[in-house]
Amino acid sequence: MNRISSYIHLSRPVNCIITFLSVLIAAAVTGTIQPFERVVRAGATATLITIGANVINDYFDYAIDLINKPGRPIPAGVISRPAALIYSIIAYILAWITAWSLGIEMFLIALLTGLLLIAYSWWLKRTVLLGNLAVSAATAMAFVFGGLAVGRPAAAIFPALFAFLFHFGREILKDLQDVKGDAVHEAITFAVKYGRDASLSLITTIFVVLLVCTIIPYIVSIYGGQYLLIILLGVYPVILYVLYGSWKYSEPEKLGQLSNLLKADMLIGLLAIYMG
C-alpha cells in the first residue's frame with residue numbers, strides 16, 4: 001500500500017461517497033437541486049467533515065486498532081499519527097471555509113457537527129451510547145444540510161430520521177465487533193458494559209423501529225410505489241439478514257462483514273428515497 005492509497009484508505013472513500021450522495025439526494029427529494037453549485041458545495045463540506053472525522057477517529061483509536069484492526073494505515077505504521085492529525089485538521093479547515101461560503105446558518109451546523117465528531121473520537125466514543133448517538137446525529141445532519149442548501153430543510157426530515165436510526169444500529173454492531181480492544185483500553189461502550197445479549201437486543205429494537213418508520217412515508221403518500229418496492233426488495237432483506245447474522249455469529253470478522261453489508265445497503269436506501 002503506497003502513501004497516496006493509504007491516505008485514501010484512511011479517509012474511508014465509501015463513507016465519503018455516501019455522505020456526498022446523501023446531501024445531493026436530500027436536496028433532490030425536496031423537489032429541486034437548484035442552485036446546483038450550492039448543493040455541490042454543501043456536499044463537499046459534508047464530505048470534508050467526514051474525512052476529518054474518519055481520520056481523527058483513527059488518530060485517537062491508535063491503541064485500540066492495534067488490537068482490533070491492525071491493518072489500518074496508522075497501526076500498520078504506513079501513516080504516522082502526527083501526519084494523520086495534520087491531514088484531519090486540513091480537512092476540517094477546508095470544510096469550514098467552504099461552509100462559510102454557504103451562509104452563517106450552514107457554517108454553524110458544519111462547525112458544531114465537526115466539533116461533535118471530534119468530541120466523539122476524543123471522548124464520547126468511550127461512553128455508553130453517547131458516542132453512538134453523536135455519530136448517528138452527525139450523519140443525519142448530512143440530509144438536513146442538503147435540504148438547507150436549497151432552502152427546504154423540512155423535506156429532509158424523513159431521510160434524516162432513517163439515517164439516524166440506520167447508523168445508530170450499525171454503531172452498536174460495530175461496538176460489539178470491537179468489544180475486545182475497547183475493554184482492554186477501558187472504553188466503556190454499551191457492548192462492554194452490558195454484554196452481547198443486551199447489545200443484540202438493542203440492535204434488534206433499533207432496526208425494527210427503522211423498518212416500521214420506513215413504511216410511514218409511503219402510507220402518508222410522501223413517497224410512491226418505487227420507493228416501497230426498493231425498500232421491500234433491497235433494504236428489508238439486508239437488515240433482516242444482518243439481524244439474523246448478528247445473533248448467530250460472535251466472531252469479530254463476521255460482525256465486520258455484516259457491518260460492511262449495512263454500509264453497502266445505505267446506497268440502496270438512498271436510491272429508494274431518490275426514486276420515491
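Bear in mind that the values in this text are calculations on the coordinates, not laboratory data. This one's a predicted model, so the numbers in the text were calculated from it and none came from an experiment. Heads up, the Cβs are rebuilt from the backbone with ideal geometry, glycines too, and the neighbour counts pull from every protein chain shown.
Helix by helix through the chain, keep the DSSP H runs that span 15 Å or more along the axis on Cα and average at least 0.0 on Kyte-Doolittle, and give those back in order.
TM-like helix candidates: 13-28, 36-60, 81-100, 104-122, 130-149, 157-177, 190-219, 236-248, 252-275.
To the nearest 0.05, what FRET efficiency results for SER201 and VAL14 with a Förster distance of 25 Å applied to their C-beta separation?
0.30
Just need log10 I(q)/I(0) for the range 140-275 at q = 0.09, 0.17 Å⁻¹, Debye formula, equal scatterers on the alpha-carbon atoms, no solvent, rounded to two decimals.
Log-scaled intensity ratios, in q order: -0.30, -0.91.
With only alpha-carbon atoms counted, please give the Rg and Dmax of the range 88-180, in Å.
Over the range 88-180's Cα set, Rg and Dmax evaluate to 14.2, 45 Å.
Using the alpha-carbon centroid of each, what span in Å lies between the range 180-242 and the range 98-173?
18
Please compute the Cα-Cα pair-distance distribution of the chain with 10 Å bins starting at 0, giving whole percents from short to long.
It works out to 7, 29, 35, 23, 5, 0, in whole percents.
Hey, what D do you get for the range 1-131 in µm²/s if you plug the Kirkwood alpha-carbon radius into Stokes-Einstein at 10 °C and 1.306 mPa s?
Diffusion coefficient, whole number: 103 µm²/s.
Among 211-221, 171-181, 41-51, 89-99, how do they line up from the highest to the lowest mean number of other beta-carbon atoms within 10 Å?
41-51, 171-181, 89-99, 211-221
Give me the number: length gained by fully extending GLU253 to VAL212, i.e. 0.36 nm times residue separation minus the C-alpha to C-alpha distance, one decimal in nm.
11.8 nm
For labels at LEU130 and LEU115 in the simple 7 Å Cα→Cβ model, what's the distance in nm?
1.6
Which whole-percent values make up P(r) of the range 206-276 when all C-alpha to C-alpha distances are grouped in 5 Å steps starting at zero?
3, 17, 25, 23, 15, 9, 5, 2, 0
Can you give the extra length, in nm with one decimal, that the chain gains between TRP122 and ALA183 once fully stretched, where that is 0.36 nm per residue apart less the Cα-Cα distance?
20.3 nm
So if I place +1 on the C-beta of Lys and Arg and -1 on the C-beta of Asp and Glu, and nothing else carries charge, what would the dipole magnitude of the range 122-229 be about its Cα centre? I want it in debye, nearest 20.
In total the dipole reaches around 100 debye.
Quick one: dipole size for the range 1-136, taken about the Cα centre, charges +1 on Lys/Arg Cβ and -1 on Asp/Glu Cβ, in debye to the nearest 20.
220
May I ask you to derive the relative contact order of the chain, considering only C-alpha pairs under 8 Å and at least 6 residues apart, and to give it as an integer percent?
Relative contact order comes out at 20 percent.
So what's the back-of-envelope 222 nm ellipticity for the chain, counting only DSSP H runs of four-plus at -39500 (n - 2.57) apiece and dividing by all residues, rounded to 500?
-26000 deg cm²/dmol
Tell me which lysines have Cα within less than 17 Å of LYS69's Cα, excluding those fewer than 8 residues away on the same chain?
Partners within reach: LYS125, LYS174, LYS180, LYS254.
Between LEU267 and TYR194, what length comes free when the chain is fully extended (0.36 nm per residue of separation minus the Cα-Cα distance, one decimal in nm)?
23.1 nm
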